[in-house]
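Input: a single structure, listed below in structure tokens.
The values are calculated or read from the model by the stated rules, or taken from the named source; none is laboratory data. Since the structure is predicted, the reported quantities are computational estimates derived from the model, not experimental observations. When we count neighbours, we look across all protein chains shown, and the Cβ atoms used for this are built from the backbone with ideal geometry, even at glycine.
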Amino acid sequence: MKFHNSLEDYTSSVSNRIAKQEGEMSSGRIEFLTMLSMKGKRKLKYLVSLARTYQPYTFFQARFDNTNTRSLIQKLSMEERRMFGFNGRDIDWEHYIVNVHLPGLKRELFRRRSSYKNSIKTDQDFSPGCVIT
């Protein structure tokens, strides 16, 4: 796993990795291609769009700490802990991101894109001067 300091660094690294994969697939040995295939370009565009979406979080130079959350949980009674128990370590973050969050994000983006396209069609179909028979 490699950590990137900027979107530009990430884009360069991913582009090189895709080129390397395409070189391996096309020649059986590792070689970098000067240009990505159309499929490689689409893949790069998709991955960079995700990185842009999450840029405020992924390239944010900070550390997160759950000390206060753990302290509050310790102050709960056993009954309250059973009712409101929370442990961030119990969350399977990879499963959540890959199988829950990203599919939900894609659905929402497709829904919005479809809604936007329909609104354009509606505006064009019923523009001023249009006669509906």
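Structure notes:
- Restricting attention to the range 46-101, the residues that are under 30 Å from Thr11 (Cβ atoms) and either among the hydroxyl-bearing types (Ser, Thr, Tyr) or touching a Pro at 6+ places or on another chain (Cβ under 7 Å) (or both) add up to 7.
- Scanning the range 1-53 for residues that are part of a loop (DSSP other than H, G, I, E, B) and either touching a Ser or Thr at 6+ places or on another chain (Cβ under 8 Å) or modelled with pLDDT of 85 or more (or both) yields Lys2, His4, Ser6, Leu33, Leu36, Ser37.
- The range 51-62 - residue that is out of contact with any helix residue (DSSP H, G or I) (no Cβ under 8 Å at 6 or more places or on another chain) and closer than 21 Å to Leu102 by Cβ and, of those, surrounded by the most Cβ atoms within 10 Å (Cβ to Cβ): Tyr54
- Every residue from the range 63-114 that is of a type outside the set (A, V, I, L, M), surrounded by fewer than 10 Cβ atoms within 10 Å (Cβ to Cβ) and in a helix (DSSP H, G or I): Thr67, Asn68, Ser71, Gln74, Lys75, Glu79, Arg82, Arg89, Asp90, Glu94
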